[in-house]
Structures are given as structure tokens and as C-alpha cells.
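Written below as C-alpha cells is the structure these notes are about.
The values are calculated or read from the model by the stated rules, or taken from the named source; none is laboratory data. As the structure is a computational prediction, the values presented were derived from the model and not from experiment. Every residue, glycine as well, gets a Cβ built from its backbone with ideal geometry; the counts of neighbours run over all protein chains shown.
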Amino acid sequence: MKIALVSPYDYPFPGGVTEHIAHLEEEFQKRGHEVTIIAPSSSDTSELVGERVIKVGSIVPIPANGSVARISLSLRLSGRVKRLLKEENFDIIHLHEPLLPALPITVLRHSQSVNVGTFHAYSGNNIAYFYGRPILRRFFGKLDGRIAVSPAARDFVQRHFGGDYRLIPNGIDLSRFNPSVPYLSTLKDGKLNLLFVGRLEKRKGFRYLLRAYIKLKREFPALRLIVVGAYTDEMRQRYQAYVNSIRLADVIFAGRVSADDLPRYYRSADIFCAPSTGGESFGIILLEAMACGCPIVASDIIGYRWVLDEGQQGLLVPPKDEEALAAALRRLILDPELRRRMGASGVEKAKAFSWSSIAERVLGYYEDLIAARAQARAERGRPSRFRVLRRSAKFLITSRWRRLRRGAWPLR
């Protein structure tokens, strides 16, 4: 198949949707499919990965869902997109967040291919869908198939755009995240490592974890907090200044780490903590930790609840509650055997989310949609019974009217 994967987000910038697309592209290529990624970019085309990424649109940072969405808002994409689609003639166009401006909806507008949309996002409110529905309904109607990465993502969009959605989750690269990844030797010094991975944005809930850590550090002097993520220097400096001001020891702000080192941080952690306050459609960081055998304490939010089984791979606590967070962390700190069992359970569960398995499910859905399109075209080309009867009646009436005009009366 000739497949286009369309992203609304700045492709070189790290993010869950970008990683999702990159993994699908890799798996599809392994199976012999021709794949092109179409995305806006803040980098020159030469800086993107080979020739498989086509840059369409520049980037504007937009506040969204407690974070910043780096998307294109250009109104001049239409001509470029139209020419590109005509030249490439894709069999499948797979749009991620298909109702976001401006690239996905522009592609939908001009596409004559089979169109699939994957919905990733979840938020407490969907004001954009509410007010944009009269306009967006036109583009939504061009989707032949719809995928949601979780029940949370499905329910979020389904409130205003009904229909059937195929649940196909995010995946995990088990060749990178697994129990055989080596530890970081600098972190295996006898201290008990508590790991956080994410940006230091409000909805990630790091401040609640930091408050819980302050309480626990008094009780467990060997406890250490490691903070990994693509956060800005400004964000780091704000928390670092607070940590210094209260003389809080053993807090390491590692910042953005390499793709090779990230699994090693998970393997070096004794407990992984995800204290997000909401707005998470799927717990990809939970899967990464689970695949590496790390027990988890996470907020009991809808996007995490679908991935983690309470009491099996970790513990769920109410969001924005540092007391509950500290209590759950204390329980795991005091029980090494429980940590071991939860880590082993996580490794087993993560196997069901391998990217190879996810890609097969997506390709299977593509094949279903292509077959449905072919059948619909065949049925449109074959006269229905009603149309046959209507044509027959029209022929009889027309022929008898001609006879009447020629004086062939009475009608027989």
C-alpha cells in the first residue's frame, strides 16, 4: 500500500503523537509498504529524517490543554497540499488528530483517498469541538474510518462527533524498553530512586510529587528524586531555586535525555511516579516504565486507569493529593517484594502493546476500509432493484407516449 501519515504537530519536536507516527512508519516499512509522513516543521527539510518526511507549513505555538501545541495555522497550504496529493495518489491517508488546523483539515478537504483519522487527545472540556462543530462536521464526514487510542480519547470526541471508533492503543518499543536494559551505574549507589518523566507543566502534577517527596525524605534519608523530561531551563530553574531554598537534598534535574538513556533511567528506578492531574488520554510513560519492570504510583485518571491495573502493576491515587501520593510511595518503599511483583506484572502486560502488534491492527483496519470503499463503488455502479423498476416504468411510459403522439390509439 501507498500510505500517508499526516501530523498536525511540529515533527522534530518530541511528543506522543510524533512518536506514534514514527513507529507506525517504521513498522509499515518493514512490511514493504511505501510510507510518507506529511507534517509541519520548525526545521528545514534537510534536518528531517531522510526523504520520508515532507514539510508542509511552519509552526505557531498555541496554548492547549495545559500544554503548548506546536501546529501550523497557515491559510496558504491548500495549493501545496492539493498538488502533493495529486502527485502521490495515496491508497490510504492516515490523519492524526484529523480535526486540528491547519494541515489535517486541509488534507481532508482535498483527499480522494481512503481517509483514516486517529484521535489521541483527551481533556476535561471540548470547547473547540463544541463551537467548531458546524464547520468541522464537513471534514469529519470525509473520514472513512476512525481510531481512538483509548476509551478516554473516544469519549472525548464522540460527544460531538458520533459514529463508530476502532480502539487501537499506543504502542511500546520493546526493543528499547525491556528488563535487559543496563542500569545507569551512577544511580546504583545504594539510594532508592524515585523517577518522574515529563515536562514540568501544571497538568503533569510535578509539584504534588515534590511535596510528597519532601515529606518522605525526612522519613527515608536514602530516597532520591530524579526528574527527566523535555522541560525548559526556565521551568527547571524555578523548581531548582525552590529546592535550594529549602535545602532539599538528592533531587536531580536530568532534563532531556537521549533515546538510549531513557530506558536506562527506568531500569535504574525503584519506583516510577506519574502524578498528572488530568488531560492524559493514554499513559505511554506508564507503559515504558512497565516494560522495564518498574513498579508505578500514578494518578487515578481515565487515561491511566485503562493502562494500569490497580494493585497489579502499581497503585492509583487521587490526583492533586500529595498525602495520598506520599502514602502510596511509602507503601512501595517499605515493601521490596511488592515492588518486585508489580514490576514483573508490568513486563508481562507491556508485551500486548508492542508496536509490531499495534501496526498489524492498524493495517488490518486499512484493509477493511479499502474493501468497504471498493464494495460501495461496485454497488453504486450496479443498478439497484428500485432503479431497475424505475427505468422500466420510465421506458414503458415514454414509449406509449410516443405511440400516442403518432396516433397509435388506444394504448395497448
* What number goes with the only condition from (1) surrounded by 18 or more Cβ atoms within 10 Å (Cβ to Cβ); (2) out of contact with any Pro (no Cβ under 8 Å at 6 or more places or on another chain) that Gly364 does not pass? -> (1)
* Asked: What number of residues in region 70-91 are within 24 Å of His120 (Cα to Cα), polar (S, T, N, Q) and assigned to a helix (DSSP H, G or I)?
  -> 0
* Residue count for region 200-219, restricted to those that are charged (D, E, K, R) and either crowded, with 20+ Cβ neighbours inside 10 Å or within 18 Å of Ala269 (Cβ to Cβ) (or both) -> 2
* region 369-389 residues that are closer than 14 Å to Gly145 by Cα and of a type in the set (Val, Ile, Thr), paired with ones that are surrounded by 10 or more Cβ atoms within 10 Å (Cβ to Cβ) and at pLDDT 65 or above (beta carbon under 6 Å, 6 or more apart) -> Ile370/Val114
* Applying the selection to region 105-121, what residues are modelled with pLDDT of 95 or more and within 17 Å of the chain's Cα centre (by Cα)? -> Val116, Gly117, Thr118, Phe119
* Could you please find all residues in region 317-331 being farther than 22 Å from Phe156 by Cα and in contact with an Asp or Glu (Cβ under 8 Å, 6 or more places away or on another chain)? => Val317, Arg330
* Quick one: in region 49-69, which of the residues that are part of a loop (DSSP other than H, G, I, E, B) and charged (D, E, K, R) is modelled with the highest pLDDT? -> Arg52
* From the set of residues in region 70-105 that are surrounded by fewer than 18 Cβ atoms within 10 Å (Cβ to Cβ) and in contact with a strand residue (DSSP E or B) (Cβ under 6 Å, 6 or more places away or on another chain), which is farthest from Met1 (Cα to Cα)? -> Leu73
* Structure fact -> Exactly one of Trp355, Trp306 is within 20 Å of Pro179 (Cα to Cα), surrounded by 15 or more Cβ atoms within 10 Å (Cβ to Cβ) and within 24 Å of the chain's Cα centre (by Cα), and that one is Trp355
* Asked: Do any residues in region 19-36 that are without any contact (Cβ under 8 Å) to a residue 24 or more places away in the chain have Cβ atoms under 6 Å from those of residues that are of a type outside the set (Ser, Thr, Tyr) and crowded, with 18+ Cβ neighbours inside 10 Å, where the two are at least six apart or on different chains, and which pairs are they?
  -> Gln29/Val35
* Phe196 versus (1) in contact with a Cys (Cβ under 6 Å, 6 or more places away or on another chain); (2) modelled with pLDDT under 95; (3) not polar (S, T, N, Q): which is the lone unmet condition? -> (2)
* Looking at (1) out of contact with any Pro (no Cβ under 9 Å at 6 or more places or on another chain); (2) surrounded by 12 or more Cβ atoms within 10 Å (Cβ to Cβ), which is the only condition Pro134 fails? -> (2)
* Structure fact -> Over region 149-175, the set of residues closer than 16 Å to Trp355 by Cα and crowded, with 16+ Cβ neighbours inside 10 Å is Val149, Ser150, Ile168, Pro169, Asn170, Gly171, Ile172, Asp173, Leu174
* Criterion (surrounded by fewer than 16 Cβ atoms within 10 Å (Cβ to Cβ) and under 19 Å from Leu332 (Cα atoms)) met by exactly one of Ala241, Ala222, Ala230 -> Ala222
* Structure fact -> Wholly inside region 112-208, strands (runs of 3 or more DSSP E) that include 3 or more residues that are over 18 Å from His96 (Cα atoms) and of a type outside the set (Gly, Ala, Ser) are 192-197
* Structure fact -> (1) at pLDDT 95 or above; (2) out of contact with any helix residue (DSSP H, G or I) (no Cβ under 7 Å at 6 or more places or on another chain); (3) in a helix (DSSP H, G or I) all hold for His94 apart from (3)
* **Scope region 1-44; condition part of a loop (DSSP other than H, G, I, E, B) and surrounded by 21 or more Cβ atoms within 10 Å (Cβ to Cβ); matching residues** => Ser7, Pro8, Asp10, Tyr11, Pro40, Ser41
* Within the group Leu209, Leu216, Leu223, Leu195, which residue is over 18 Å from Phe13 (Cβ atoms), in contact (Cβ under 8 Å) with a residue 12 or more places away in the chain and in contact with a Pro (Cβ under 9 Å, 6 or more places away or on another chain)? -> Leu209
* Asked: Just to be sure, is Gly293 touching a residue at least 40 places away in the same chain (Cβ under 8 Å), at positive phi and surrounded by 20 or more Cβ atoms within 10 Å (Cβ to Cβ)?
  -> yes
* Going by the structure shown, is Ile271 closer than 16 Å to Leu184 by Cβ and crowded, with 17+ Cβ neighbours inside 10 Å? -> yes
